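What follows is a set of notes on a single structure, which appears directly below.
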Amino acid sequence: MRVHGTCHHDCPDSCGWVVTVEDGRAVDMSGDPEHPFSQGELCPKVNRFLDRVHSPDRVLRPLRRVGAKGEGRFTEITWEEATSVIADRLHSTIANHGAEGILPFSDAGNQGMLALSGISSRFFHHLGTTRLIRALCGPTVGAGVRMTNGSSLGFDPLDLEHSKLIILWGTNTRLTNRHLWPTIESARGRGARVIVIDPLRTITADSADVFIQPKAGTDIAMMLAMMNVIISEDLVDREWIDEFTLGFDELAAHVAAWSPARAAESCGVESEAIISLAREFATTRPAAIRTLVGPEHHENGAMFFRTLACLPALTGAWRDRGGGLTRSVGSWQEQLIDEAALDRPDLLAGRSPRVINMSRLGEALTEADPAVHDLIVWNANPMVTIPNRELVRQGLERDDLFCVVHDQFITDTARYADIVLPATTHIEAVDVVPAWGHLWLGWNEAAIEPLGEAVSNTECFRRIARAMDLTEPSLYDDDLTLIRDALPTVDIDNLREEHRLRVPYPESGLPWADGGFPTRSGRVEFASEDLEALGHPRLPDYTPPREGPEGPLADRYPLQLLTPKHHLRFLNSSYTHLPGHGDREGGPFIEMHRDDAAQRGLDQDSQAEVHNDRGSMSLPVRITDRVRPGTVVIPWGWWADQHPDRRVANSLTNDTLTDWGGGVAFSDTLVEVRPA
Ligand code: SF4
């Protein structure tokens, strides 16, 4: 039997796959050759997905902790025992401290619609618990673009095939969006040029026609200087500006102060390179800017995207198919989804419980008032993925904290849980996957029965609700009912049969050529009163991060730490611990420029201690010319066991929130390095 599914990972590609099942066991998984975007190819990690499904380390029964928190010793219990312990504890917390003492915590460990929300959201809304802001990655981009365009919608990335200039701004396409690369190569075959702008010389930068390497977090200065050149050399599209934008004269006066020479001092890019970039962008048609989420992780993260969105409006790039700005296309998919029907915020019944930003989990567990008493984690491994992780660890070590983790493995977070519940993998549960890298909404059929006693996220919360004797009927809706509620305009039987559907998108491929921007003015807002009302500059502006090379900590911690995705065989904190994945990537390390290493008495393979006020960790040094002097890199995703001192990259990172949008500035982290 061959069963079609859609990859669920936190990755824009949402590839189609086919699972071969024999005697109830999944024996093969391969890319679906009919998937219009991934065209039969999976990636090195998911090519070995069945190793994950059948791993001897899978959690297949509920577990109760018998060792100390963090030790990782558990004993098997029944589902009935587990849910009864959880129900008693949640009832007791609600009675003694109120429902805000319960913090749900989850993220995009599985991007399936039902895995992310549905019964879980209904359950927590019904109880009236603390609400979580899930903005570690992604929402800040949309929040920034919306302040310029009124909408976060960009053009279909596959229309890059029409582009003659493609600027890949802060995105490592060949690694993190690999199935888009053939489209870019095809455009190049027809004469397009590719410019990569990134603080790291990535594998994508190696393939570019031009590579520009600003200091991390300084790109806005470069954008302002580009606008200075475009306006002062009269390379603007005056007709489009007059018809569809607001505040051009204010913007022109503002960026007049941003000469390329001034920007060069901030961003470390030669002024001639900025001038050439501005001229090429303004005089090539169609000219596209492609970006994803990387640049949002600075204090000025939302302003980055608000400023970036001004560039195509200045040059009228939106007029052309393959011109303008392309980013996540999740917003096109969301237009099909009735979130209120899926998540049922009406179950809050007029209550308005507090909200906690997931990136401040450490603070929430150690300082929140009223305190967090119970933490319920699914789809997430915050001990690896959340910045300022040593503070998270201190919170999880609290004797009075009750923690439940629903997962497939004993992750770094699960080691601290009181109860671990076994979770299905994506081939064991039906779901729908809205993609954010292309325009196909994917069906995911369950290929095999759940292994052991594993259950999906939806079933997990149904069981807890039942153990708590909750009588709200919508907590017990089955998965197909949830899908039908969430996609009211979609023929679900057809989606299931066809495995995917293309979401509505303008046939012309020109989402904004004729204006229609849903801002208050109905135009692209170079000057934004809404932003001003929120206490931000009304015009695009560059503010250096406080924890950056121009900030007060730079004397003590002169090196800027970046923690990018780097590996082919794992993604975020998934797969790292599995044979054939983390072990083949060679273990964690710190990359340093030769000059920075030499100044500190370090060389290739020296053992270094990397430290700041949040923590310290010991790592081998790799000398590289991929970073500028002053920048160091620790690729992230490794678990504590893989580090000799049980620290991870996020032990050092900054949990300051972004200017707006709720994101987090973990790429504004300063460290010092010395021989270990
Ligand atoms: S992780 Fe990304 S590239 Fe790999 S199979 Fe899944 S969607 Fe495709």
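Quick notes on this structure:
- Considering the conditions (1) under 30 Å from G5 (Cβ atoms); (2) away from the ligand (no atom under 16 Å from the Cβ); (3) surrounded by 17 or more Cβ atoms within 10 Å (Cβ to Cβ), L50 is excluded by exactly one of them, (2).
- Test: residue in the range 571-584 that is within 21 Å of L200 (Cβ to Cβ) and touching a Leu at 6+ places or on another chain (Cβ under 9 Å): no
- Output for the range 658-676, where each listed residue is under 13 Å from T563 (Cβ atoms) and part of a loop (DSSP other than H, G, I, E, B): A665, F666, S667, D668
- Selection of the range 467-500 for residues being in a helix (DSSP H, G or I), closer than 22 Å to S121 by Cβ and of a type in the set (D, E, K, R) yields D479, R484, D485.
- Unique match (being within 22 Å of P56 (Cβ to Cβ) and not acidic (D, E)) among R584, R594, R600: R584
- Single condition Q39 does not satisfy, out of (1) exposed (fewer than 15 other Cβ atoms within 10 Å of the Cβ); (2) away from the ligand (no atom under 16 Å from the Cβ); (3) in contact (Cβ under 8 Å) with a residue 60 or more places away in the chain: (2)
- You will find that of T20, T75, the residue that is in a strand (DSSP E or B), away from the ligand (no atom under 16 Å from the Cβ) and either on the phi > 0 side of the Ramachandran plot or in the same structural domain as P382 (by TED's automatic domain parsing) (or both) is T75 and no other.
- Close Cβ contacts (under 7 Å, 6 or more residues apart or on different chains) running from residues in the range 532-544 that are under 17 Å from A263 (Cα atoms) to residues that are charged (D, E, K, R) and part of a loop (DSSP other than H, G, I, E, B) comprise P544/E550.
- L568, sole failed condition from (1) touching a Leu at 6+ places or on another chain (Cβ under 8 Å); (2) buried (at least 16 other Cβ atoms within 10 Å of the Cβ): (2)
- If you go through the range 1-10 and pick out every residue that is within 15 Å of the ligand (Cβ to nearest atom) and not in a loop (DSSP other than H, G, I, E, B), you end up with 3.
- Assessment of the range 57-64 against the conditions (in a loop (DSSP other than H, G, I, E, B) and over 30 Å from F123 (Cα atoms)) yields no matching residue.
- 2 or more residues touching a Pro at 6+ places or on another chain (Cβ under 6 Å): qualifying strands (runs of 3 or more DSSP E) within the range 299-378: 324-326
- The one condition in (1) more than 29 Å from E71 (Cα to Cα); (2) in contact (Cβ under 8 Å) with a residue 40 or more places away in the chain; (3) not small (G, A, S) that T624 fails to fulfil: (2)
Matching residues to (1) more than 16 Å from the ligand (Cβ to nearest atom); (2) farther than 17 Å from I427 by Cα:
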site	(1), (2)
P12	no, yes
D28	no, no
H35	no, yes
L60	yes, no
V66	yes, yes
G70	yes, yes
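- Per this entry, L63 is counted among residues that are touching an Asp or Glu at 6+ places or on another chain (Cβ under 8 Å), crowded, with 20+ Cβ neighbours inside 10 Å and in contact (Cβ under 8 Å) with a residue 24 or more places away in the chain.
- Meets criteria (assigned to a loop (DSSP other than H, G, I, E, B) and in contact with a Leu (Cβ under 9 Å, 6 or more places away or on another chain)) for D655: yes
- Residue within the range 319-329 that is among the aliphatic types (A, V, I, L, M) and surrounded by 24 or more Cβ atoms within 10 Å (Cβ to Cβ) present: yes
- Entirely in the range 93-202, the strands (runs of 3 or more DSSP E) that have 3 or more residues that are within 21 Å of the chain's Cα centre (by Cα) and surrounded by fewer than 23 Cβ atoms within 10 Å (Cβ to Cβ): 131-133
- Filtered residues of the range 264-292 (kept if in contact (Cβ under 8 Å) with a residue 60 or more places away in the chain and aliphatic (A, V, I, L, M)): A273, L277, A287, A288, I289, L292
- When residues of the range 249-269 are limited to those that are more than 31 Å from the chain's Cα centre (by Cα) and either modelled with pLDDT under 95 or part of a loop (DSSP other than H, G, I, E, B) (or both), the one farthest from P537 (Cα to Cα): S259
- Of all the listed residues (I274, I230), the sole one being in a helix (DSSP H, G or I), among the β-branched types (V, I, T) and within 31 Å of the chain's Cα centre (by Cα) is I274.
- Of the residues A313, A264, the single one that is crowded, with 24+ Cβ neighbours inside 10 Å and assigned by TED's automatic domain parsing to the domain that holds P199 is A313.
- Qualifying residue in the range 432-443 (condition: more than 16 Å from the ligand (Cβ to nearest atom) and touching a helix residue (DSSP H, G or I) at 6+ places or on another chain (Cβ under 7 Å)): no
- Yes/no for A513 being outside the structural domain of L158 (by TED's automatic domain parsing), aliphatic (A, V, I, L, M) and touching a Phe, Trp or Tyr at 6+ places or on another chain (Cβ under 6 Å): yes
- In a residue-by-residue description of the range 579-589, the property of being touching a residue at least 24 places away in the same chain (Cβ under 8 Å) and either of a type in the set (A, V, I, L, M) or assigned to a strand (DSSP E or B) (or both) applies to no position.
- Comparison of A187, A205 shows that the only residue that is more than 29 Å from T658 (Cβ to Cβ) and among the aliphatic types (A, V, I, L, M) is A187.
The values are calculated or read from the model by the stated rules, or taken from the named source; none is laboratory data. Being a predicted model, the structure only gives us computed values, none of them experimental. Every residue, glycine among them, receives a Cβ derived from its backbone with ideal geometry; neighbour counts consider all protein chains shown.
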